[in-house]
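Novice: Please see the structure below; I have some questions.
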Number of protein chains: 2
Amino acid sequence: MALLFLSDVDSARDWRKELAKHLPDLEMRVWPELGDPGEIDAALVWRPPAGLWNRLPNLKLIASLGAGVDHIFADPSLPPGVPIVRLVDPYMTTAMSEYVQLQVLRLHRNDPVYRTQQQARVWRPWPQPNAAERRVGVLGLGVLGRDAASKLEVLGFDVAGWSRREKRLPGIPSFHGAAGLDALLRRSEILVCLLPLTPATENLLDTRLFARLPRGAAIINCGRGRHLVQADLLAALDSGALSAAVLDVFRDEPLPPQHPFWRHERILVTPHVAASTNPPTAALAVADNLRRLRDGKPLRNRVDGSERY
Amino acid sequence: MALLFLSDVDSARDWRKELAKHLPDLEMRVWPELGDPGEIDAALVWRPPAGLWNRLPNLKLIASLGAGVDHIFADPSLPPGVPIVRLVDPYMTTAMSEYVQLQVLRLHRNDPVYRTQQQARVWRPWPQPNAAERRVGVLGLGVLGRDAASKLEVLGFDVAGWSRREKRLPGIPSFHGAAGLDALLRRSEILVCLLPLTPATENLLDTRLFARLPRGAAIINCGRGRHLVQADLLAALDSGALSAAVLDVFRDEPLPPQHPFWRHERILVTPHVAASTNPPTAALAVADNLRRLRDGKPLRNRVDGSERY
């Protein structure tokens, strides 16, 4: 079996080493060295260039190198029949939840204010409720959103979740659909975005949504940069509709040096590190699906092409 | 019963209101309005001035407005026979553990580096292990240390604890004594100080201790300022023995404007906010002990005068 590996952020060397442990006979070709494209059975990709799919006539599986698959659907030439699988790795899920826990605790404990005060050498304590008195909303209740919501609940926060379709979480109120979104937003002092990026969720974090949050709410975006309307965030921070934003994902990555987010004192930037792909653990999931493809068994974590997530 | 209230950081008005809910007949006098000092039965205090105790001939109870009692023992004129009680309030314990969780997650997730990078508009991801691969040590296994250690364990960290005398925590390795301290330090990439301040623990966080931690370790001090030798911390950060420090407590509070900690890029300062006394919940514990005093019942959370904690 021949696999095409394509990524500008993941290490081909690490992946070759890890996949070889599980599939010693796998032939891994690293983009742009395709060899005979007709021999390539599967592709393991992150942000593939437009037109790639037309060059792989016998492709039987497209596997994402990240939890999201929006980067695969971005190319309109994507052939409709080829199965697509997302990457689900408990190690990455844990990493994402750690990031969410850190950032929610940071906002809950007024840390952006204390950082600004330290810069100005100002000693000023602020009133501090416990987590049980802080309402947090999680947008998206897939593998990542569910884990984050339940781990915020363990921290003691008053957590609720929202997803497009109805989902049930033990011990956590969950809303769904358009009316449910309104209910979730009205209660969320801290809002975490863990949605997949689809035509239905693109630009969801906009002025209209911010206006439905309690005044002075804070947002954390660890979905995709395209969930957020950048100008609307800046306006909401200026007006006081929002008090702070923590952003791990951006429309352009790396975030360009002149971008206003870098120097905004109420925006905290991290360089897309919430849940990086970890080859030693992620290779288990990828190898499992490659084996299933070889053996004609049903694939795991397959994406619904019509829903695009 | 007459109670003397004395604090320059707690609100006498809030305390009067909350204590009245539980003890409507209590007479609360606010320092420096002593009235007839011979009528005062109990004192609820934070950092009492030297010589106070000599002025209260019929004192039967000294209650701390904080978890620590070092501020009471600071006055050598403290009469030996008067019972002293610390403040134990589950609301404050939870607040302290939230603070510890936030700061440990912050150090674990390389946040000091990402803050510096944001200032310089640098987009640079760093390798990130999961919490299970991060060893955290907690010094002090009293009410606060035990709660913090178990809540760090819930976050997935590889936690161990240390106390002077042997203590057992479910699921968490705990060391004790001088040899145990060495073992705890050698394994702690992140060290949290939640010790009481006593003659035995003063200046414990010094060059000798930092040298026993893994190189590049980070410390969090939410004990007392006098646990830390300030010049030794600056030297350890300069030499790379330590990579970062999070400090909530200081020898002089408020931290003086010209103090070097304010502008050190590897020191994060918070203005003694890890676990502020919360009158609505703390008054329950204080009122309970005042009632016990009145009724001649054993006091709760009594301090051992010879141990000074």
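The values are calculated or read from the model by the stated rules, or taken from the named source; none is laboratory data. Computed from a predicted model, the values in this text were never measured in an experiment. Positions of Cβ are generated from backbone atoms using ideal geometry, with glycine treated the same way; all protein chains shown enter the neighbour counts. Note: areas computed on protein heavy atoms with side chains; ligands, DNA, RNA excluded. Shrake-Rupley method; radii C 1.70, N 1.55, O 1.52, S 1.80 Å.
Novice: If a residue must be buried (at least 21 other Cβ atoms within 10 Å of the Cβ), of a type in the set (A, V, I, L, M) and either free of Cβ contacts under 8 Å to residues at least 12 places away in the same chain or away from every other protein chain (no Cβ under 14 Å) (or both), how many such residues does region A:226-257 contain?
Specialist: The total comes to 4.
Novice: Every residue in region B:41-63 that is in contact (Cβ under 8 Å) with a residue 40 or more places away in the chain, under 21 Å from B:MET92 (Cα atoms) and not in a loop (DSSP other than H, G, I, E, B), please.
Specialist: B:ALA43, B:LEU44, B:VAL45, B:ALA63, listed by residue number.
Novice: How many residues, within region B:4-22, are in contact (Cβ under 8 Å) with a residue 60 or more places away in the chain and either of a type outside the set (A, V, I, L, M) or not assigned by TED's automatic domain parsing to the domain that holds B:ASN54 (or both)?
Specialist: Residues of region B:4-22 that are in contact (Cβ under 8 Å) with a residue 60 or more places away in the chain, as a first pass: B:10-11, B:14-15, B:17-19, B:21-22.
The next check asks that each one be either of a type outside the set (A, V, I, L, M) or not assigned by TED's automatic domain parsing to the domain that holds B:ASN54 (or both); those that pass are B:10-11, B:14-15, B:17-18, B:21-22.
Matching residues across region B:4-22 total 8.
Novice: Further question: Could you please give the count of residues in region A:138-170 that are within 14 Å of chain B (Cβ to nearest Cβ) and assigned to a loop (DSSP other than H, G, I, E, B)?
Specialist: 3
Novice: Here's another thing I want to ask about it. Identify the residue in region B:1-24 that is closer than 20 Å to B:SER276 by Cβ and among the aliphatic types (A, V, I, L, M) and, among all such residues, is most open to solvent (accessible area, probe 1.4 Å).
Specialist: Across region B:1-24, the extreme among qualifying residues is B:VAL9.
Novice: Could you list, ordered by first residue, the pairs with Cβ atoms under 7 Å in which the first is in region B:113-134 and at the interface with chain A (Cβ under 7 Å from one of its Cβ atoms) and the second is loosely packed, with under 12 Cβ neighbours inside 10 Å and outside any helix (DSSP H, G or I), at least 6 apart or interchain?
Specialist: From region B:113-134, the pairs are B:ARG121/A:PRO257.
Novice: Output the number of residues of region A:131-175 satisfying the condition of being more than 21 Å from the chain's Cα centre (by Cα) and buried (at least 21 other Cβ atoms within 10 Å of the Cβ).
Specialist: Total satisfying the criteria: 4.
Novice: Next question, about the same structure. Just one of the numbered conditions (1) free of Cβ contacts under 8 Å to residues at least 60 places away in the same chain; (2) within 14 Å of chain B (Cβ to nearest Cβ) is not true of A:SER77; which one?
Specialist: Tallying (1) free of Cβ contacts under 8 Å to residues at least 60 places away in the same chain; (2) within 14 Å of chain B (Cβ to nearest Cβ), A:SER77 fails exactly one: (2).
Novice: What is the one condition in (1) open to solvent by less than 20 Å² (accessible area, probe 1.4 Å); (2) more than 14 Å from chain A (Cβ to nearest Cβ); (3) touching an Asp or Glu at 6+ places or on another chain (Cβ under 9 Å); (4) not acidic (Asp, Glu) that B:VAL269 does not satisfy?
Specialist: (2)
Novice: Okay, moving on. Of everything in region B:270-309, what is among the β-branched types (Val, Ile, Thr) and out of contact with any Phe, Trp or Tyr (no Cβ under 6 Å at 6 or more places or on another chain)? Give them in sequence order. First the steps, then the outcome.
Specialist: First pass over region B:270-309, keeping only residues among the β-branched types (Val, Ile, Thr): B:270, B:273, B:277, B:281, B:286, B:303.
B:VAL273, B:THR277, B:VAL286, B:VAL303 - these are the residues of region B:270-309 that are among the β-branched types (Val, Ile, Thr) and out of contact with any Phe, Trp or Tyr (no Cβ under 6 Å at 6 or more places or on another chain).
Novice: Tell me, which residue of region B:25-75 that is among the charged types (D, E, K, R) and closer than 20 Å to B:GLU307 by Cβ is surrounded by the most Cβ atoms within 10 Å (Cβ to Cβ)? Steps first, please.
Specialist: The first filter runs over region B:25-75 and keeps only residues among the charged types (D, E, K, R), leaving B:25, B:27, B:29, B:33, B:36, B:39, B:41, B:47, B:55, B:60, B:70, B:75.
Subsequent filtering for residues that are closer than 20 Å to B:GLU307 by Cβ retains B:70, B:75.
On the way: B:ASP70: 21, B:ASP75: 15.
Filtering first and then ranking leaves B:ASP70.
Novice: Follow-up. Test each condition in (1) open to solvent by 20 Å² or more (accessible area, probe 1.4 Å); (2) outside the structural domain of B:ALA148 (by TED's automatic domain parsing) for B:PRO260 and report the one that comes out false.
Specialist: Evaluating B:PRO260 over (1) open to solvent by 20 Å² or more (accessible area, probe 1.4 Å); (2) outside the structural domain of B:ALA148 (by TED's automatic domain parsing) leaves (2) as the failure.
Novice: Continuing with the same structure: What pairs come up if the first residue lies in region B:23-40 and is without any contact (Cβ under 8 Å) to a residue 12 or more places away in the chain, the second is part of a loop (DSSP other than H, G, I, E, B) and open to solvent by 90 Å² or more (accessible area, probe 1.4 Å), and their beta carbons are under 7 Å apart, counting only those six or more places apart or on different chains?
Specialist: none
Novice: B:LEU102 - would you say it is within 8 Å of another protein chain (Cβ to nearest Cβ) and either surrounded by 18 or more Cβ atoms within 10 Å (Cβ to Cβ) or among the polar types (S, T, N, Q) (or both)? Break it down into steps so the answer makes sense when it comes.
Specialist: On the way: within 8 Å of another protein chain (Cβ to nearest Cβ): yes; either surrounded by 18 or more Cβ atoms within 10 Å (Cβ to Cβ) or among the polar types (S, T, N, Q) (or both): yes.
Judged against the criteria, B:LEU102 is a match.
Novice: Going residue by residue through region B:283-300, is there one that turns out to be under 22 Å from B:GLY140 (Cβ atoms), buried (at least 17 other Cβ atoms within 10 Å of the Cβ), of a type outside the set (A, V, I, L, M, F, W, C) and more than 9 Å from chain A (Cβ to nearest Cβ)? Before the answer, list the steps.
Specialist: Keep residues of region B:283-300 that are under 22 Å from B:GLY140 (Cβ atoms), which gives B:285, B:300.
If we keep only those that are buried (at least 17 other Cβ atoms within 10 Å of the Cβ) too, we end up with B:285.
Add one more test, that the residue is of a type outside the set (A, V, I, L, M, F, W, C), and what stays is none.
No, there is no match, as no residue in region B:283-300 is under 22 Å from B:GLY140 (Cβ atoms), buried (at least 17 other Cβ atoms within 10 Å of the Cβ), of a type outside the set (A, V, I, L, M, F, W, C) and more than 9 Å from chain A (Cβ to nearest Cβ).
Novice: Evaluate region A:80-91: report whether one residue or more is open to solvent by 10 Å² or more (accessible area, probe 1.4 Å) and touching a Phe, Trp or Tyr at 6+ places or on another chain (Cβ under 6 Å).
Specialist: no
Novice: Pairs needed: first member in region A:204-219, of a type in the set (Ser, Thr, Tyr); second member anywhere, in a loop (DSSP other than H, G, I, E, B) and crowded, with 17+ Cβ neighbours inside 10 Å; C-beta distance under 9 Å; at least 6 residues apart or different chains.
Specialist: If the second residue must be in a loop (DSSP other than H, G, I, E, B) and crowded, with 17+ Cβ neighbours inside 10 Å, the pairs left are A:THR207/A:VAL229; A:THR207/A:ALA241.
Novice: List the pairs whose first member sits in region A:83-99 and is more than 14 Å from chain B (Cβ to nearest Cβ), whose second member is open to solvent by 10 Å² or more (accessible area, probe 1.4 Å) and of a type in the set (D, E, K, R), and whose Cβ atoms are under 6 Å apart, counting only residues at least 6 apart or on separate chains?
Specialist: Hits for this filter: A:PRO83/A:ARG302; A:VAL85/A:ARG302.
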